[in-house]
1. Could you work out how far helix 3-30 tilts from the main Cα principal axis of the chain, as a 0 to 90 degree angle to the nearest 10?
2. Over the stretch 17-86, with a single point scatterer placed on each C-alpha, what log10 of the ratio I(q)/I(0) does the Debye formula yield at q = 0.28 1/Å?
3. Exposure proxy check: 64, 197 ranked by fewest other beta carbons within 10 Å?
4. For the stretch 78-143 and the stretch 148-203, what is the separation of their Cα centres, given in Å?
5. Given the rule -39500 (n - 2.57) for each run of at least 4 DSSP H residues, summed and divided by the residues of the chain, what is its mean residue ellipticity at 222 nm, to the nearest 500 deg cm²/dmol?
6. For the stretch 27-139, rounded, prolate or oblate, judged on the Cα gyration tensor with a ≥ b ≥ c (square roots of eigenvalues), a/c < 1.5 rounded, else prolate if a/b > b/c?
7. Test of understanding: express the Cα radius of gyration of the chain as a ratio to 2.2 N^0.38 Å, with N the residue count.
8. I want to check the label-to-label distance for residue 11 and residue 204. Put each point 7 Å from Cα in the C-beta direction and report it in nm to one decimal.
């Protein structure tokens, strides 16, 4: 590798390092308050860069949200893949509990996901990145069903399953009286019931 190539490689590594610092700064802020209250200037201040520098890495707030979402999901995606690949694959209930509990325990991730799902007129590149991440869940659950020999219209049931699991969190994640631990247990009980319905339908 010549000197010019080495310099270019070093520059790219520095760029990726700065980008990662920005994402981690955003995630640190998301842990303190709802992500929709975090502005780009807040992230720039946390990362120790100027707003102009921040926008060079992330042209819009949605770009930054999606990148933070992608990095969070990338970690848990390995768990889903292992659940499907192991000799005795996970049950539908185990898959459902893992999906729902991760989103319930990681409020900022859930908020970012629902924001992107409900936001009108998102940039196509943002939607493409988001789609690539959500396919992790869809593909993993489809593989799980196929390992159990499901012969139904698998992808349709995959969509129904993910929609049902996400809907459970949306419907029950907030309660005016109950503590978080009680809410979580209620959500997981509903998740088990729903997963059982899918199991009875799809696994012979």
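Laboratory data are not the source of any read-out in this text; all were calculated from the coordinates shown. What you see is a predicted model, and the numbers here were worked out from it, not measured in a lab. Here the Cβ positions follow ideal geometry from the backbone for every residue, glycine too, while neighbour counts run over all protein chains shown.
1. The angle comes out near 60 degrees.
2. -1.29
3. Going from least to most buried by this count: 197, 64.
4. 13 Å
5. Values: 9 runs with 160 residues, N = 204.
Estimated from H runs of four or more residues: -26500 deg cm²/dmol.
6. Because a/c hits 1.5 or more and a/b exceeds b/c, the stretch 27-139 counts as prolate.
7. Numbers: Rg = 19.7 Å, N = 204, 2.2 N^0.38 = 16.6 Å.
In units of the 2.2 N^0.38 Å rule of thumb, it is 1.19.
8. 6.1 nm
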